1. Which one of 219, 44, 88 has the biggest mean-square fluctuation once the chain is modelled by GNM with Cα springs under 10 Å?
2. Take the alpha carbon atoms of the range 1-75, find their center, do the same for the range 85-154, and report the distance between the two centers in whole angstrom.
3. Decide, for the range 59-121, between rounded, prolate and oblate: order the square roots of the alpha carbon gyration tensor eigenvalues as a ≥ b ≥ c, take rounded if a/c falls under 1.5, and otherwise choose prolate if a/b is larger than b/c, else oblate.
4. At a 10 Å Cβ-Cβ cut-off, how would you order 132, 182, 109, fewest neighbours first?
5. Would you mind ranking 197, 161 by Cβ crowding within 10 Å, fewest neighbours first?
6. Mean projection of the alpha-carbon convex hull of the chain over all orientations, in nm²?
7. Tell me the mean residue ellipticity at 222 nm calculated for the chain from its helices only (DSSP H runs of n ≥ 4, each -39500 (n - 2.57), averaged over every residue, nearest 500).
8. Springs between alpha-carbon pairs under 10 angstrom, Gaussian network model over the chain: which of 143, 42, 25 fluctuates most?
Ligand SMILES: C[S@@+](CC[C@H](N)C(=O)[O-])C[C@H]1O[C@@H](n2cnc3c(N)ncnc32)[C@H](O)[C@@H]1O
């Protein structure tokens, strides 16, 4: 189904947040990386500037940079007001306050916006959506999902999650997902099922603590390494 912009909340995170959310080492960053559901994050823009190979996929990229940016500013104050009204629902560490978070998200969106049209021409921002990717097997060395899988467990069911992770493992031998909580700040009901499904296929799964936490308890990522039996020849 075509994405409707008025239903989207295009909030994005920075390169430094991605590094912390996914515990990305310099060796990880040297890999060819697919970042799914990347939205208006500035991971691709900042990473490309540093010389890394990052591709972003999101149905949002069917819209122009101006449309995405305008939508961001249309929802920004409402979200910040909600966050200010629930101060205890957030960990104020990396971001010192709701105002600091707002400033940071504006910087990220502007960074994304400045890179978007040139990145689209270069093929770094591509329209696409899970659970089906158009890339060939093993196109990437690492796939990331930030603030999409598990977070939207109310909207996307277990079957979607399992198919999406299988698809990410088809295009790369390693997948990392952050956070493992839902929007209601609870552990996703699909996490255990996904781990059982992946282990049954022989994949290695590990929940790891990371150095980033904005949702209380949201400081864990799932690392999945594909079974060698499933490696393409
Ligand atoms: C909360 S944003 C996360 C943006 C970015 N990953 C970050 O953490 O800053 C969620 C993104 O998921 C995208 N999305 C929605 N449905 C999707 C699908 N089926 N496949 C891939 N991305 C999808 C939305 O367009 C949106 O940009």
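Bear in mind these aren't lab numbers, they're just calculated from the coordinates by the rules spelled out. Quick caveat, the model's predicted, so the values are computed rather than measured. Positions of Cβ are generated from backbone atoms using ideal geometry, with glycine treated the same way; all protein chains shown enter the neighbour counts.
1. Of 219, 44, 88, the Gaussian network model singles out 88 as fluctuating most.
2. 4
3. Working: a/c = 3.07, a/b = 2.08, b/c = 1.48.
Verdict is prolate for the range 59-121.
4. Numbers: 132 10, 182 20, 109 24.
In increasing order of surrounding Cβ atoms, one gets 132, 182, 109.
5. On the way: 197 17, 161 24.
Starting with the residue having the fewest Cβ neighbours, the order is 197, 161.
6. Values: hull surface 48.2 nm².
The Cα convex hull of the chain, projected and averaged over all directions, gives 12.0 nm².
7. Numbers: 7 runs with 87 residues, N = 233.
Value at 222 nm, helices only: -11500 deg cm²/dmol.
8. 25
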